[in-house]
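J.: The structure is given below, and queries will be raised subsequently.
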Amino acid sequence: MVPAAYVVLRRDDDRVLLQLREGTGYLDGHWAIGAAGHVEAGESVLDAACREAAEELDVRVRPADLLPLCVMHRTRGTRAAIDERVDFFFECRTWDGEPRRREPDRAAELRWVTLDALPEPVVPHERHVLERWRDQTLTPVVPFGFG
């Protein structure tokens with residue numbers, strides 16, 4: 001399985017930060033959670049989340065600032081190891097710095113949005129989490145792509 005960490009920066013006005021994917025080779029042209037990426041070998045998921053926020057958004061997040069939203073177990077149904085994923089989603093309301101695009105070759109734009117007005121299109125499994133969070137129906141463990 002491939003583990004990944006997702007960090008949803010959320011401001012006091014309840015807006016969340018999304019990025020428009022570009023040049024990544026995966027769902028370019030889709031909106032995605034502001035900071036996300038694979039957990040590297042020997043790295044905790046909390047350290048990965050903090051690293052990704054720094055690499056992608058130039059903000060400093062501490063592990064204690066990360067509030068767990070859910071864990072998603074997802075599949076593309078191919079039975080290939082690369083298509084079996086476990087994703088850790090965190091909310092973050094406290095960080096140091098002003099978010100900016102640190103990887104302009106991988107993100108065309110950053111945008112603060114409300115969960116009631118998500119742009120189109122959003123990466124499907126991320127939309128699944130964001131909509132259930134908005135609707136207060138998000139469960140701690142979320143299967144996606146099964147059955």
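Where a number appears in this text, it was derived from the coordinates with a stated rule and is not lab data. All of these numbers come straight from a predicted model, not from anything done at the bench. As a convention, Cβ positions derive from the backbone with ideal geometry for all residues, glycine included, and neighbour counts pool all protein chains shown.
J.: Mind listing just one residue for me: the one in the range 34-50 that is in a strand (DSSP E or B) and under 27 Å from T114 (Cβ atoms) and, of those, farthest from the chain's Cα centre (by Cα)?
T.: Here the residue is G37.
J.: Then there's this: Applying the selection to the range 11-26, what residues are more than 13 Å from the chain's Cα centre (by Cα) and farther than 17 Å from V129 by Cα?
T.: Residues satisfying the conditions are R11, D12, D13, E22, G23, T24, G25, Y26.
J.: Residues in the range 51-67 that are in a helix (DSSP H, G or I) and either on the phi > 0 side of the Ramachandran plot or touching a Cys at 6+ places or on another chain (Cβ under 9 Å) (or both): how many?
T.: So the answer is 3.
J.: Considering only residues that are in contact (Cβ under 8 Å) with a residue 12 or more places away in the chain and farther than 25 Å from F144 by Cβ, which ones fall in the range 64-81?
T.: Correct list: D65 only.
J.: For a quick check of your reading of the model, give me the residue pairs whose first member lies in the range 125-138 and is closer than 16 Å to H30 by Cα, whose second is part of a loop (DSSP other than H, G, I, E, B) and among the hydrophobic types (A, V, I, L, M, F, W, C), with beta-carbon atoms closer than 7 Å and at least 6 apart or on different chains.
T.: So the pair list comes out as R127/L118; V129/L138; L130/L118.
J.: Tell me, please, whether a residue that is part of a loop (DSSP other than H, G, I, E, B) and either small (G, A, S) or touching a strand residue (DSSP E or B) at 6+ places or on another chain (Cβ under 7 Å) (or both) can be found in the range 68-76.
T.: No, the range 68-76 contains no residue that is part of a loop (DSSP other than H, G, I, E, B) and either small (G, A, S) or touching a strand residue (DSSP E or B) at 6+ places or on another chain (Cβ under 7 Å) (or both).
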